[in-house]
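Here's the structure we're looking at; comments come further down.
The values are calculated or read from the model by the stated rules, or taken from the named source; none is laboratory data. Everything numeric here is computed off the predicted structure, so don't read it as measured data. Every residue, glycine among them, receives a Cβ derived from its backbone with ideal geometry; neighbour counts consider all protein chains shown. Protein only, heavy atoms only, side chains kept; ligands, DNA and RNA dropped before computing areas. Shrake-Rupley method; radii C 1.70, N 1.55, O 1.52, S 1.80 Å.
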Amino acid sequence: MEVEQTWTIWMLREGDDEGHGHCGQALLQIGINMMALPGGRHLDSIPLPGQRLHLMPADSVQRWMEDLKLMTECECMCVLQAKPISPEEDAQSDLILAGGPGPGDPLQLLLKRGWVISTELRRIAQKLAQDRWARVHSMSVRLTCHARSMVSEYSAISRSSSQEMGQIEKLLMEKCLELSAVTERCLQVENEHVLKSMKACVSETLSTLGQHFGQLLELALTREVQALVRKINASDNIYTMESTTGNLFSLTQEGAPLCRIIAKEGGVVALFKVCRQDSFRCLYPQALRTLASICCVEEGVHQLEKVDGVLCLADILTDDSHSEATRAEAAAVVAQVTSPHLPFTQHLGSFLESMEEIVTALVKLCQEASSGEVFLLASAALANITFFDTMACEMLLQLNAIRVLLEACSDKQRVDTPYTRDQIVTILANMSVLEQCASDIIQENGVQLIMGMLSEKPRSGTPAEVAACERVQQKAAVTLARLSRDPAVAREAVRLSCMSRLIELCRSPSERNSSDAVLVACLAALRRLAGVCPEGLLDSDFQQLVQPRLVDSFLLCSNMEESFV
């Protein structure tokens, strides 16, 4: 049974599997997602991770003043065009809450204005699908205002523009005006057949407008990224470098499209240049954290390999003169570039050359970690490496990693969340394929700890934590099933009443959060233990959970009410 390791460094840091992409990803994908209506996909048929609204705590008057910078012109245009704001129930949702960009900050201007425009595009498509023409037209007018404001404000800040950007700006504004004009004509049409044909025209215009907007935004962001990278390469002032790398990190949090731009424009090369200069040692953690974010995309990993980034990471991890924070961030980059669910990381040939040094350093970091976050990052890197190459498990066995990991489980300062236990049990599950692993597990009282993981429960009840608990239960059952090939492990598991807990997980959906993956793993582990100690089962349990085919027992338990009868 293959164990899935689903964490990336984004999820590890936040403990949240929903919130990794921000508005930047939605902005650059808008041209792709803007499909023609009707007959094509709706704009919202492709999830845009950046559509969540983040409100910063601020003085209400100050907030209102900032919002006026974006909203006043649009509201005036609505009045001037004699298109009053609708009194419909969703009218208030038209007021887009976005603070005005800081003075002279082109990046914030692009991101905030871009978020507003992408949100308007998405909502226009929704209203168009509902044939709400009055709303479509008023929102089209507002969209034109926002687009004009973004173009003029960015031109004023940047003070220079390429010919290509000028052409796309012109095309964008032409399409905005065309959209406003055609939607206004639709208000005058009463014939349904004519309106249907005009709807297709509006859809096509909206789609083209979205593409032009995406192209313009990408060009402008690329230009700003180039400026940041040039500043990193040219500066030797530590304060300038700190500010610039901080800006670059902020951009990586806007989603994968921004990370691709940064990688293509030399961001990875520039950051590793920082990490190779002793004079910038205090900036290593920030630079490495930025690198971990960029390496969520294929372009970032390729650039890392081109500049011998793995060798640089190995040097940092094995150098005790570096701070724990620096080594933890290096571990975060390792965890990202070895993530098993990213297919492009599996071809990182240079990693194998330094794997032994990196694994040794990570085990030491786990052992000496002073906080839960440091242990989490180091153990996540180890967990991913066990998927990356089978030799890693043998290395971990020789380094007594089982003892280090199991001892950490009793230290609440290092292991205090299901996310961390997920990494530990992943390592144990992958190591359990080795025959020598069983004796080490018994020696370190590991069976009892695995038994405890079968009872993992979420504290907060958030979807992310519930999912983490499910993974812990599933992998604990898989580990138990694999280790029970050794009769000594199986007997110890039976002595600790593991069979009773496995039966409870199979029969009670609430105990496993109705997870099918946990159910299959528990059935497999129960059958393995029953082969060693069949007398530990009641006849009804044996007949329902062990004797039938696995698929039949699965169907029986997956449809079962919460009852042990």
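For residue 263, the requirement of being touching a residue at least 40 places away in the same chain (Cβ under 8 Å), within 18 Å of residue 357 (Cα to Cα) and open to solvent by less than 10 Å² (accessible area, probe 1.4 Å) is not met. If only residues of segment 505-514 that are assigned to a helix (DSSP H, G or I) and open to solvent by 10 Å² or more (accessible area, probe 1.4 Å) are counted, the one that is farthest from residue 456 (Cα to Cα) is 509. Screening the candidates 502, 529, 519 for the property of being part of a helix (DSSP H, G or I) and over 16 Å from residue 455 (Cα atoms) yields one hit, 529. Please work out if residue 238 is touching a Phe, Trp or Tyr at 6+ places or on another chain (Cβ under 9 Å) and under 30 Å from residue 278 (Cβ atoms). When the stated conditions are applied, residue 238 passes them.
If only residues of segment 327-360 that are charged (D, E, K, R) and either surrounded by 22 or more Cβ atoms within 10 Å (Cβ to Cβ) or touching a strand residue (DSSP E or B) at 6+ places or on another chain (Cβ under 9 Å) (or both) are counted, the one that is farthest from residue 303 (Cα to Cα) is 327. Candidates are the residues of segment 163-197 that are polar (S, T, N, Q) and open to solvent by less than 60 Å² (accessible area, probe 1.4 Å); the one that is nearest to residue 214 (Cα to Cα) is 180.
Within the option set 488, 476, being over 24 Å from the mean Cα position of the chain (by Cα), in contact (Cβ under 8 Å) with a residue 12 or more places away in the chain and under 20 Å from residue 546 (Cα atoms) holds for one residue only, 476. Just checking, does segment 460-472 include any residue being in contact with a Cys (Cβ under 9 Å, 6 or more places away or on another chain) and either surrounded by fewer than 24 Cβ atoms within 10 Å (Cβ to Cβ) or modelled with pLDDT of 90 or more (or both)? Checking segment 460-472: not a single residue is in contact with a Cys (Cβ under 9 Å, 6 or more places away or on another chain) and either surrounded by fewer than 24 Cβ atoms within 10 Å (Cβ to Cβ) or modelled with pLDDT of 90 or more (or both).
Of the residues making up segment 126-133, one or more are under 14 Å from residue 201 (Cα atoms) and crowded, with 22+ Cβ neighbours inside 10 Å.
Within segment 319-326, does at least one residue satisfy the condition of being within 25 Å of the chain's Cα centre (by Cα), modelled with pLDDT of 95 or more and either open to solvent by less than 10 Å² (accessible area, probe 1.4 Å) or more than 19 Å from residue 357 (Cα to Cα) (or both)? Taking every residue of segment 319-326 in turn, at least one turns out to be within 25 Å of the chain's Cα centre (by Cα), modelled with pLDDT of 95 or more and either open to solvent by less than 10 Å² (accessible area, probe 1.4 Å) or more than 19 Å from residue 357 (Cα to Cα) (or both).
When we screen 344, 375 for residues that are of a type outside the set (Val, Ile, Thr), in contact with a helix residue (DSSP H, G or I) (Cβ under 8 Å, 6 or more places away or on another chain) and under 20 Å from residue 393 (Cα atoms), the only hit is 375. Residues that are of a type in the set (Val, Ile, Thr), open to solvent by less than 60 Å² (accessible area, probe 1.4 Å), in contact (Cβ under 8 Å) with a residue 40 or more places away in the chain and under 27 Å from residue 386 (Cα atoms) are absent from segment 271-286.
Screening the candidates 379, 371, 354, 350 for the property of being among the polar types (S, T, N, Q) and more than 26 Å from the chain's Cα centre (by Cα) yields one hit, 354.
Residues are listed down the side, and each one gets a yes or a no for (1) surrounded by 15 or more Cβ atoms within 10 Å (Cβ to Cβ); (2) closer than 19 Å to residue 491 by Cβ; (3) outside the structural domain of residue 473 (by the TED database); (4) modelled with pLDDT under 80:
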{"position": "527", "(1), (2), (3), (4)": "yes, yes, no, no"}
{"position": "538", "(1), (2), (3), (4)": "no, no, no, no"}
{"position": "546", "(1), (2), (3), (4)": "yes, yes, no, no"}
{"position": "554", "(1), (2), (3), (4)": "yes, no, no, no"}
